[in-house]
Structure formats: structure tokens, C-alpha cells
Amino acid sequence: MKSSKLGGAHTTIIGGRTGKKAVEVVARHHNVKRIVPAVISVKGHAGGKTIAKVLRPDARGNLRLLISSGTSAQELRIVTTAGTVEQGEVMRCELNQALLEALS
């Protein structure tokens, strides 16, 4: 993974190898400038496997990556080169397809 793309107050990623692989897949996209890990929270119910998906873009086209593993969930902010919601939506679809292929 390009460590220069990962930053913020901490660099902890939940989900073990699968969580780190999801971040690597997102970091490889040419329009991703930075990935910022955010708060790790407790969901309340245990799940079986680690799941990663990219959520809808904000007004400037930036995205969020949600990683869910066991009873924990983490949201990572994805800073992109997209300037609009529409460009962010295209990136969201591309990244979710890449995650589906890489983590299946």
C-alpha cells in the first residue's frame, strides 16, 4: 500500500488482513488522494466475516469506506480528486466493484 495515502490521527485499521487489503484496494485507485481512518465503534452484534463497502459521496465527491468486522465498525474518509457528487458516485461504483472482486 502507498503509505503516503494513509494518514490522520491514527493508522489503525480493523479487520486484520481483510481490512488492510480493502484499504490497499482503495488506495490503488488513481483518483484517491488520501485515506483518513476515523473512529472505531462497537456495533452491538457479532458478525461472521469482515465486510468493506464504499458509501455515498459528499457534495465535493469525497467518499467514506466502511469496514465491519465482528462487533466493531470503522469508517475511513477517502479524499478524492472528484469535484462533484456525480464524479464521486462513479468512483464509488468503481471502488465497490474492485472491493467485491478483491475480497471475494
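The values are calculated or read from the model by the stated rules, or taken from the named source; none is laboratory data. Predicted model only: the values in this text are computed from it and were never measured. Positions of Cβ are generated from backbone atoms using ideal geometry, with glycine treated the same way; all protein chains shown enter the neighbour counts.
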Query raised in the report: Under the condition of being out of contact with any helix residue (DSSP H, G or I) (no Cβ under 6 Å at 6 or more places or on another chain) and among the aliphatic types (A, V, I, L, M), which residue from the range 79-91 is nearest to L6 (Cα to Cα)?
Result: V79
**Report entry** Test: residue in the range 15-27 that is part of a loop (DSSP other than H, G, I, E, B) and not small (G, A, S)
**Finding:** no
Report task. Would you mind finding the one in K49, K43, K5 that is at pLDDT below 90 and surrounded by 19 or more Cβ atoms within 10 Å (Cβ to Cβ)? Result -> K5
Query raised in the report: How do the pairs read when you match residues in the range 64-91 that are within 17 Å of V25 (Cα to Cα) with residues anywhere that are in a strand (DSSP E or B) and among the polar types (S, T, N, Q), using Cβ under 7 Å and keeping only pairs 6 or more apart or on different chains?
Result: I67/Q74; G88/T80; M91/T80
Query raised in the report: Would you call T84 surrounded by 17 or more Cβ atoms within 10 Å (Cβ to Cβ) and not aliphatic (A, V, I, L, M)?
Result: no
Query raised in the report: So which residues in the range 92-103 are without any contact (Cβ under 8 Å) to a residue 60 or more places away in the chain and charged (D, E, K, R)?
Result: R92, E101
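Does G44 satisfy the condition of being on the phi > 0 side of the Ramachandran plot and either out of contact with any Lys or Arg (no Cβ under 7 Å at 6 or more places or on another chain) or not in a helix (DSSP H, G or I) (or both)? Show your work before the answer.
On the way: on the phi > 0 side of the Ramachandran plot: yes; either out of contact with any Lys or Arg (no Cβ under 7 Å at 6 or more places or on another chain) or not in a helix (DSSP H, G or I) (or both): yes.
For G44, the condition - on the phi > 0 side of the Ramachandran plot and either out of contact with any Lys or Arg (no Cβ under 7 Å at 6 or more places or on another chain) or not in a helix (DSSP H, G or I) (or both) - is met.
Looking only at residues in the range 1-14 that are assigned to a loop (DSSP other than H, G, I, E, B) and among the hydrophobic types (A, V, I, L, M, F, W, C), which one is farthest from the chain's Cα centre (by Cα)?
Residues of the range 1-14 that are assigned to a loop (DSSP other than H, G, I, E, B), as a first pass: 1-2, 7-14.
Those still in the list that are among the hydrophobic types (A, V, I, L, M, F, W, C) too: 1, 9, 13-14.
Numbers: M1: 13, A9: 16, I13: 10, I14: 11 Å.
Residue satisfying both the conditions and the ranking: A9.
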